[in-house]
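Contents: one structure, followed by commentary.
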Amino acid sequence: MNYWTGTVALVCLCIGVILLFASLSWFVNRQQDRLPMAYLLALVCLVILQSLEFMYQASDLMERFPFFLKLFDPLIVMMPFCIYGYIRAIQGDNALNKAKDWWLHAAPMIVVALLAIPFWSMPGELKVYWMFQGRIAESLWQPITLYGNSYLAVIGASSLFYWLLQRKKGINTRKAAVREWVRHLQLIQLIIAASMAVRIIVYFVFGESFSVAFVLAPTTAYLTYLLLTHANPPMHVQRTAPVPLASQESSEQSNPALFDETDLTLFKELGQAMEKGLFRENTLTLRALAEACGTTTHQASAAINLCSGVNFYEWVNGYRIKAACEALSETPQSVSEICYLVGFNSKSTFNSAFRRQLGCTPNEYRKRHAQE
């Protein structure tokens, strides 16, 4: 048994199971997002399937049950498409909307399956024999089936193809959170393509042939990072006219952004954190608030700007001024004490923010409230 390969495959499997439960939770809870969640669920299932295949080949199970050898290769090559399909789905687009799209995107799977038929037709002992021959050197591999570098080249080329296709189509929304999420997913496509290229180059330059399990590891790790650090992956948005990548930045400034349910959900979570008293920390930053809510600073800033119409500091000051008004009218505490109690760093900043929002100073507000 290859213990190193088996260990890496086991780690990838454990991570894949975690992602599977997370995906199932989103799939059940987001009724209106079944299409993107279905693509994400399919992607995670393929990661688990690939991890199981690595463990199967690294142990003696391959010799005991040779029927499963290279049986799932046609499915694994669909991983890049699942990522692309998810990217299109969260933008309100279906990558399999037309019959010709089905044939186009299924082409790699069909090619791999057709080439694997001679290998699948062999007796079990012969399958194991050729697998061991391939491990010694790829030049010893005789069946027509795609194996080693040729198989990896299909996956790498497919990843690069879908990366270019998404770049060409552009992003159908100006929502910052969705665009950032798409960039992360496209980076996964590049990681897959680059990993395959590195493995192929290492083989031809140094003659080393390490397991693809080590190639799957960085992809799985980055996917896990994304799904666990983004508590609220963007939901699908209504489709608008495509925004070319070259003009996205300029379009963002010249056209008002419309917020969707993802912004509202995140905005509510940010508000709940503030209502629990987070605004009272005078060192509070946008990053600290985002980390407390399990999101990124970019997503938190976008949700606040779009849903409240003000920037982060004005929004936080709104909570502080509200708390200050309650303290001024209900307690005998001095203005200076209240200033620092609600989160301001200085009395002058407190007075300026208070006057800007209510049109009077804290002392004037207290006197007015006392007279009423």
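Read-outs throughout are calculated quantities, based only on the coordinates presented, and are distinct from any laboratory measurement. Treat the numbers as computed from the prediction; the structure is a model and nothing was measured. All Cβ positions, even for glycine, are placed from backbone atoms using ideal geometry, and neighbour counts span all protein chains on display.
Gain in length, ARG287 to GLU125, computed as 0.36 nm per residue apart minus the alpha-carbon separation, to one decimal in nm? Working shown, then result.
Working: separation 162, 0.36 × 162 = 58.32 nm, distance 5.84 nm.
Gain in length upon complete extension: 52.5 nm.
List the relative contact order of the range 277-318 as a percent without decimals, with contacts defined as Cα pairs under 8 Å and 6+ residues apart. Walk me through the numbers on the way to the answer.
Details: 21 pairs, mean separation 11.0, N = 42.
It rounds to 26 percent for the range 277-318.
Can you give me the distance in nm between label points at TRP102 and THR297, each placed 7 Å from the Cα along the Cα-to-Cβ direction?
For TRP102 paired with THR297, the spin-label model returns 4.8 nm.
Step through the residues of the range 330-347 one at a time and calculate ³J(HN,Hα) from phi using the Karplus curve (6.51 cos²θ - 1.76 cosθ + 1.60, θ = phi - 60°), rounding each to whole Hz and writing x for Gly and Pro.
So the Karplus estimates, Gly and Pro as x, are 10, 10, x, 4, 6, 4, 5, 5, 5, 3, 7, 5, 8, x, 7, 8, 8, 5 Hz.
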